[in-house]
Amino acid sequence: MSDKNKVIIFDTTMRDGEQSPGASMSLEEKIQIARIFDELGIDIIEAGFPIASPGDFEAVTAISKILKNSIPCGLSRASKKDIDACHEALKNAPRFRIHTFISTSPLHMKHKLNKSPEQVLDAIKESVTYARNLTDDVEWSCEDGTRTDMDYMCKSVELAINCGAKTINIPDTVGYTTPSEYTKIITTLKNKVPNIEKAILSVHCHNDLGLAVANSLAGVSAGARQVECTINGIGERAGNAALEEIVMAIKTRNDLMPFTTGIKTELLSKASKIVSNATFPVQFNKAIVGKNAFAHEAGIHQDGMLKNRETYEIMTPESVGVKKTSLVMGKHSGRHAFKEKLNDLGYGNVTDDVIQAAFGKFKILADKKKHVYDDDIAALVDDSLVLDKYVINLKSLKVFAGTGEPQRAEMTLDVYGEVKSTVENGDGPVDAIFKCIKILYPHDVKLQLYQVHAVTEGTDAQATVSVRIEEEGKTTVGQASDTDTLVASANAYLSALNKMIIKRKKTAPMELKIQKVKGI
Ligand code: KIV
Ligand code: ZN
């Protein structure tokens, strides 16, 4: 297979994905995600929108310094200030991409930009030329591309290429297109834009009608050679095309789609887990990475599977890195064996402090729980990874629940180094717990989501609780695991709250940050 069939995988989990409510990630989480993406074989990592916030600027800067294989990229509007911020954040990387965009649909040009089509053409010329003077890897996107007049799109694409854009991205910003329509758009560009051979066409599909993956694949079949996507399909509203689905569709149906990607598919599960830990849980029936994606419940299916797994399996769980849940260690296992296990599970580069904290929790868990599985250990490490950044931590919790009495929680918290206790009644034990937290650290957030699921099987399984809270339009998600669902609930709420506290700090105006970086 020749290189013309190689599809470039452009991941935007940390930019478009982070724009999804509740998906904001801390710097540490983004660095952890960038490392696994680098290993996974992603070609381009869009690490953020540097002008948008100091947090994004910091993340793009940090990520651009650590990538070994992937090329870092930052997003900018069609403005010199945006492009400068991108350049400042990326310039330490040996190679980097600046991605600049402007809307081209009549609706967006009139109501969002208040610009005429001619003014938008001027902005394209100015922004792409400006970016091209800072790097030879410039991507240009026509926002709301699928609702853009085709002749106007051809004109603007030709102009962007003439100004030096090497990648032309056609976003289906509002998830409106269909596979046949998108095929037509890509085909028309290929046929009508005179200089199209000088650029790579890229697809970027949102999932509002559940068609993001189908549309992306249609675009590739029509000649696009870059796909923009996110792990777990996270993104604005209904999300973006899911990276794992695109890659596995190409791999599994290579007879119909004879393309290649550089993705090491055995790492997909791990990448999905790292992203879901930082954002929100993946639905059980999610293709490729959902908990049930390779589970067979019906007797007739199980019977078929035992005779020949291909009867009901079109790809193997191993091909995406799903291993059979394995029993790992018991309470007599030592630190050395624990460290080895962490290595096997892909946590080879966690610090000694994290190992120490996770090992302590493992010992407690092994005392409580008959079987400790790989997933249990992963949940312990994931919890320990974030703890040292938290300013409010649970010291102890007692809950009185059951029939006949009001439910009551007794809680002690460490709040910025001060130990505080309270007792509160609630409408149920979880309500009592959350009330205690509100008393000990007065705050005003809205609880948007509270979700519990089991990490492994059995009544002694650890529960993972996810909590999403909202404050002045900002949302954060916290997750925690414990064999005691109520302890996990308290820790999940505290995790979301701690992330909100971190987020509040990251609101200094961006201009100041850039001036600081430039020393002006
Ligand atoms: O969906 C979209 O239009 C985008 C662009 C900024 C590329 O995300
Ligand atoms: Zn998008």
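Any residue that is within 16 Å of ligand 2 (Cβ to nearest atom), on the phi > 0 side of the Ramachandran plot and not charged (D, E, K, R) - is there at least one of those in the range 246-264? No, the range 246-264 contains no residue that is within 16 Å of ligand 2 (Cβ to nearest atom), on the phi > 0 side of the Ramachandran plot and not charged (D, E, K, R). Checking each residue in the range 166-224 for being surrounded by fewer than 19 Cβ atoms within 10 Å (Cβ to Cβ) and in a loop (DSSP other than H, G, I, E, B) picks out LYS166, VAL174, TYR176, THR178, PRO194, ASN195, ASP208, LEU209, GLY210, GLY223.
Please indicate, with yes or no, whether at least one residue in the range 333-354 is more than 29 Å from the chain's Cα centre (by Cα) and at positive phi. No: zero hits.
Within the range 358-385, being out of contact with any helix residue (DSSP H, G or I) (no Cβ under 7 Å at 6 or more places or on another chain), aliphatic (A, V, I, L, M) and either assigned by TED's automatic domain parsing to the domain that holds GLY458 or without any contact (Cβ under 8 Å) to a residue 40 or more places away in the chain (or both) holds for ILE364, ALA366. Considering the range 115-151, the residues that are touching a residue at least 24 places away in the same chain (Cβ under 8 Å) and among the small types (Gly, Ala, Ser) include one that is nearest to ligand 2 (Cβ to nearest atom), namely SER141. Just one of the listed residues (LYS166, LYS125, LYS112, LYS198) is within 13 Å of ligand 1 (Cβ to nearest atom), under 28 Å from LEU90 (Cβ atoms), assigned by TED's automatic domain parsing to the domain that holds ILE231 and basic (Lys, Arg), namely LYS112. When ALA131 is tested against (1) crowded, with 24+ Cβ neighbours inside 10 Å; (2) within 14 Å of ligand 1 (Cβ to nearest atom); (3) not in a strand (DSSP E or B), just one condition goes unmet, and that condition is (2). When you scan the range 152-169, how many residues do you find that are within 16 Å of ligand 2 (Cβ to nearest atom) and farther than 23 Å from PRO72 by Cα? Result for the range 152-169: 0. Return a yes/no flag: does the range 284-303 have any residue that is under 30 Å from LEU27 (Cα atoms), in contact with a helix residue (DSSP H, G or I) (Cβ under 6 Å, 6 or more places away or on another chain) and surrounded by fewer than 22 Cβ atoms within 10 Å (Cβ to Cβ). The answer is yes; a qualifying residue exists. Can you confirm whether the range 141-149 contains a residue that is more than 16 Å from ligand 1 (Cβ to nearest atom), within 27 Å of the chain's Cα centre (by Cα) and surrounded by fewer than 22 Cβ atoms within 10 Å (Cβ to Cβ)? No: the range 141-149 contains no residue that is more than 16 Å from ligand 1 (Cβ to nearest atom), within 27 Å of the chain's Cα centre (by Cα) and surrounded by fewer than 22 Cβ atoms within 10 Å (Cβ to Cβ).
With respect to being loosely packed, with under 15 Cβ neighbours inside 10 Å, assigned to a strand (DSSP E or B) and over 33 Å from the mean Cα position of the chain (by Cα), VAL423 fits the description. Scanning the range 225-260 for residues that are part of a helix (DSSP H, G or I) and more than 14 Å from ligand 1 (Cβ to nearest atom) yields ILE231, ASN232, LEU243, GLU244, GLU245, ILE246, VAL247, MET248, ALA249, ILE250, LYS251, THR252. Kindly indicate whether any position in the range 415-430 is under 26 Å from ALA358 (Cα atoms) and touching a residue at least 60 places away in the same chain (Cβ under 8 Å). Within the range 415-430, not a single residue is under 26 Å from ALA358 (Cα atoms) and touching a residue at least 60 places away in the same chain (Cβ under 8 Å). Across the range 225-248, not a single residue is classified as more than 23 Å from the chain's Cα centre (by Cα), surrounded by fewer than 24 Cβ atoms within 10 Å (Cβ to Cβ) and either among the hydrophobic types (A, V, I, L, M, F, W, C) or over 19 Å from ILE42 (Cα atoms) (or both). Taking the numbered list (1) in contact with a Gly (Cβ under 7 Å, 6 or more places away or on another chain); (2) of a type outside the set (Gly, Ala, Ser); (3) modelled with pLDDT of 80 or more in turn, LEU449 passes all entries but (1). Of all residues in the range 267-297, which are modelled with pLDDT of 95 or more and more than 25 Å from SER384 (Cα to Cα)? If the condition is that a residue be modelled with pLDDT of 95 or more and more than 25 Å from SER384 (Cα to Cα), then LYS286, ALA287, ILE288 are the ones that fit.
The values are calculated or read from the model by the stated rules, or taken from the named source; none is laboratory data. Computed from a prediction, not measured in an experiment: that's the story for all the values here. Because the Cβ atoms are built from the backbone with ideal geometry, glycine has one as well, and the counts that use them run over all protein chains shown.
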